[in-house]
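In what follows, a structure is listed as structure tokens, so that the remarks can point back to it.
The values are calculated or read from the model by the stated rules, or taken from the named source; none is laboratory data. Since we're looking at a predicted model, the values are computed, not measured. Cβ placement follows ideal geometry from the backbone for every residue including glycine, while neighbour counts extend to all protein chains displayed.
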Amino acid sequence: MRFALDPEIVDFAASIDSLLVRSDVPSVIRAWSAGDTDPGTAVWSRVAETGVAALLVTEESGGAGASAVEAVVALEVLGRHAVPGPVVESVMVAPRIAAALRETTPDIAGELAGGALASVAVPGVSPFAPDAHVAAHLWVADDDAVFTGTAGDGRRSVDRARTVFTPQRGERVASASTVDLVNHGALGTAAQLMGLGQAMLDMSVDYAKQRSQYGKVIGQYQALKHQLAEVAIAIEMARPLLWAGALAVAGNPDDPHAAARDVSAARVAVADAAHLSARTALQIHGAIGYTLEHDLGLWLTKTRALQSAWGTQSYHRGRVLDSLERAR
């Protein structure tokens with residue numbers, strides 16, 4: 001299968017990347033970790049102005065009516081820059097809930113398209129609602145039903161810029177496929193992890209070209225070259241699975257079960273590649289890479305936190321196995 005992104009999508013990704021390069025995101029992440037979320041929400045507002053927040057909102061509701069492919073492109077860039085906040089929930093999951101709420105509360109879709117943040121929890125798969133304290137909307141989805149949510153006590157994850165809440169469900173407000181919501185959440189998380197993995201690989205390559213040890217640049221050592229090559233291969237081998245997952249979601253809007261296998265396969269492969277990239281980056285940088293002062297530590301902890309977001313690796317491997325057994 002041949003697959004190539006439209007030039008318009010490539011330019012769209014480049015515009016988001018350019019915006020984030022100018023936004024000094026590491027400082028924004030550190031401020032968020034210290035409890036000051038204003039710089040982070042300001043960055044998100046500028047990102048939303050590019051059209052990212054409106055991608056999966058229908059045109060009738062003021063959105064772009066785009067597909068999961070465009071959303072994955074945008075989320076990979078946001079992952080590459082480790083943008084804090086409930087990004088996946090706002091871009092990927094909340095628009096699907098808003099579509100289910102169109103008859104009763106049509107204004108929500110427009111709010112999301114304008115950049116309103118949202119957080120979502122799915123008990124049994126993704127039980128924690130990330131950064132609900134900055135979200136304008138909080139929902140709990142379970143057994144093909146959507147409920148309003150009330151944030152309880154929050155606790156920090158391993159990513160200091162990520163606070164998770166176990167929300168209390170309130171009134172039932174809509175019916176929506178839980179499988180569909182999990183598919184979108186898992187696919188968005190995979191896109192984020194792809195961006196994180198690539199960013200850490202780039203950091204490692206740059207550092208290996210500069211760091212000298214025993215009078216020799218460490219990038220000249222064959223063993224280190226092999227480690228970096230293994231990361232690059234893992235990322236590039238996972239990328240087609242990520243696109244396959246996006247195409248499966250885009251091509252099966254009314255049958256989320258048909259897309260579950262490809263989404264979970266992408267989630268597993270990309271998460272494994274990002275984890276390998278994180279481990280290798282830490283080995284190459286040494287202990288300094290995990291300090292609060294070094295930017296790499298921000299990417300490492302975010303990668304670790306997202307390893308279990310929207311389903312663990314075991315959960316997604318189980319979905320792939322179930323799909324294969326049903327087909328057999």
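Residues considered: 11, 17, 6, 24. Of these, the only one that is touching a Lys or Arg at 6+ places or on another chain (Cβ under 8 Å), under 22 Å from residue 198 (Cβ atoms) and among the acidic types (Asp, Glu) is 17.
Cβ separations smaller than 7 Å between residues 6+ apart or across chains give the following pairs from the stretch 146-174 residues that are without any contact (Cβ under 8 Å) to a residue 12 or more places away in the chain and exposed (fewer than 13 other Cβ atoms within 10 Å of the Cβ) to residues that are part of a strand (DSSP E or B) and of a type in the set (A, V, I, L, M, F, W, C): 155/164. Of all residues in the stretch 282-312, those that are hydrophobic (A, V, I, L, M, F, W, C), in a helix (DSSP H, G or I) and either under 19 Å from residue 125 (Cβ atoms) or touching a Leu at 6+ places or on another chain (Cβ under 6 Å) (or both) total 3. Within the stretch 280-300, the set of residues being of a type in the set (A, V, I, L, M, F, W, C) and surrounded by fewer than 14 Cβ atoms within 10 Å (Cβ to Cβ) comprises 287, 288, 292. Note on the stretch 255-270: residues that are among the hydrophobic types (A, V, I, L, M, F, W, C), over 15 Å from residue 322 (Cα atoms) and touching a Gly at 6+ places or on another chain (Cβ under 9 Å) amount to 2. Within the stretch 289-301, residues that are in contact (Cβ under 8 Å) with a residue 12 or more places away in the chain reach partners that are β-branched (Val, Ile, Thr) and part of a loop (DSSP other than H, G, I, E, B) with beta carbons closer than 8 Å, at six or more positions or on different chains, in the pairs 301/158. Contact map, the stretch 1-14: first residue modelled with pLDDT under 95 and surrounded by 10 or more Cβ atoms within 10 Å (Cβ to Cβ), second residue in a helix (DSSP H, G or I) and acidic (Asp, Glu), Cβ cut-off under 7 Å, separation 6 or more or different chains; pairs are 9/70. Looking across the stretch 122-137, the residues that are out of contact with any Pro (no Cβ under 6 Å at 6 or more places or on another chain) and assigned to a strand (DSSP E or B) come down to 122, 126, 137.
Pairs meeting the criteria (first residue in the stretch 242-260 and more than 12 Å from residue 179 (Cβ to Cβ), second residue not in a helix (DSSP H, G or I), beta carbons under 7 Å, at least 6 apart or on different chains) are 243/3; 250/67.
Regarding residue 246, is this residue buried (at least 24 other Cβ atoms within 10 Å of the Cβ) and not in a strand (DSSP E or B)? Full working, then the answer.
Values: buried (at least 24 other Cβ atoms within 10 Å of the Cβ): yes; not in a strand (DSSP E or B): yes.
Spelling it out, residue 246 is indeed buried (at least 24 other Cβ atoms within 10 Å of the Cβ) and not in a strand (DSSP E or B).
Condition check ((1) at pLDDT below 95; (2) among the charged types (D, E, K, R); (3) assigned to a helix (DSSP H, G or I)) across all residues:
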site: 146; (1), (2), (3): no, no, no
site: 169; (1), (2), (3): yes, yes, no
site: 181; (1), (2), (3): no, no, yes
site: 184; (1), (2), (3): no, no, yes
site: 187; (1), (2), (3): no, no, yes
site: 191; (1), (2), (3): no, no, yes
site: 200; (1), (2), (3): no, no, yes
site: 207; (1), (2), (3): yes, no, yes
